[in-house]
Amino acid sequence: MKIKLFTHTDLDGVGCAIIAKLAFDEVDVEYCNYNEIDQKVKDFTGLMKFKEYDKVYITDISVSKEVADLIEYSVTEKKEYLNRYQLIDHHATAKWLNEYRWAYVDDMELSIIPGEKVMKSSGTSLFYNYLWENENANLPFALNFIEKVRRYDTWDWHTIHNDNEAKRLNDLLYLIGRDRFVQRFTKDTSLRFTEGEEMLLEIEQTKIDKYLETKSKQMFKQYFGDHLVGVVFAEQYQSQMGNYLALNNEDLDYVVMIDVGNETVSYRGIHDSIDLGIIAKSFGGGGHPKASGSQTHSNVKESLWRTFVALNK
Ligand SMILES: [Mn+2]
């Protein structure tokens, strides 16, 4: 089977790439950010590139209504294309896509923990279970790897399990890079870190601790509507930082991390009463109630410069 995979760039999206490579012989992976996915899938579909593949998967990320309609229109042209696309996502903000027969979006799934019925889902776990049930794929047993990815992505590692291994798995991805990470876990899905990996992780943790401390000092507090928001400019470790800052500043409703260089904004919170998925959506982004993201405007860098010049005149 020749597979095309559009997947997200984070650990959960990369986890989907690993699952695809475990399940199929030939996989063309395209990693996409929220701001790229629509254009990439649109071009691919518009140029009828799906004809070159047995199956096209879109995992851990979703497409706009316009692109969804384009897919729908393209696959109904011929009967053989009807099942060519499959989108699998776990972001609650994408649930509306379930009206398309090729989309499967669920933010919850059956729990692997005895006594608990449901748990938050992840792209990787939904994709693995989907392939297991629907594609008869020859998948190895990778439950531990999948569960660590899920725990990291849903932040369950922190809020429920206190599972540092899940966090270290994510650290390792950014330390060794996407391609090496995919290669490493396609070969061996076990989480026994090698001596070299252990050392990298240890050095990294020292760096992270220092960075969080610095950013904590740089953060400023601002009202946005009724909410008191902590704002920080940061280019790294947004997930850990958001959680760290939210936990250490109980007066804050949530934390906003702006990465000017990459033109991204991350929202993190710990309060049940605030849905950051909705707040990010109002800025053209999306995500979960306690962790979401959007893009900055592409002229933010220039406006910062202009403001700086104006203020110093
Ligand atoms: Mn995910």
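The values are calculated or read from the model by the stated rules, or taken from the named source; none is laboratory data. This is a predicted model, so every value here is computed, not measured. Backbone-built Cβ (ideal geometry, glycine too); neighbour counts: all protein chains shown.
For the reader, a short list of remarks on this structure follows.
- Residues (among the β-branched types (V, I, T) and either in a strand (DSSP E or B) or surrounded by fewer than 18 Cβ atoms within 10 Å (Cβ to Cβ) (or both)) located in segment 85-106: I88, V105
- Pairs, first within 18 Å of K55 (Cα to Cα) in segment 1-19, second away from the ligand (no atom under 14 Å from the Cβ) and basic (K, R), C-beta under 7 Å, six or more apart: M1/K55; I3/K55; F6/K40
- Residue match in segment 113-134 (condition: closer than 19 Å to Y244 by Cβ and touching a residue at least 12 places away in the same chain (Cβ under 8 Å)): no
- Members of segment 42-94 found to be of a type in the set (V, I, T) and more than 24 Å from E133 (Cβ to Cβ), listed by number: T45, V67, T76, T93
- Test for L276: is it crowded, with 18+ Cβ neighbours inside 10 Å and hydrophobic (A, V, I, L, M, F, W, C): yes
- All positions within segment 101-125 that are small (G, A, S) and within 13 Å of the ligand (Cβ to nearest atom): S121, S122, G123, S125
- Remark: E109 matches the filter, which requires a residue to be touching a strand residue (DSSP E or B) at 6+ places or on another chain (Cβ under 9 Å) and not aromatic (F, W, Y).
- Yes/no for T124 being closer than 27 Å to E66 by Cα, touching a Phe, Trp or Tyr at 6+ places or on another chain (Cβ under 9 Å) and assigned by TED's automatic domain parsing to the domain that holds D25: yes
- Residue tally, condition within 16 Å of the ligand (Cβ to nearest atom), under 25 Å from L139 (Cα atoms) and either outside the structural domain of V63 (by TED's automatic domain parsing) or not hydrophobic (A, V, I, L, M, F, W, C) (or both), over segment 77-100: 3
- Failed item in (1) in a helix (DSSP H, G or I); (2) more than 22 Å from H288 (Cβ to Cβ); (3) within 16 Å of the ligand (Cβ to nearest atom), with S74 passing the rest: (3)
- Within segment 1-31, if we keep just the residues that are within 13 Å of the ligand (Cβ to nearest atom) and among the charged types (D, E, K, R), the residue that is modelled with the highest pLDDT turns out to be D12.
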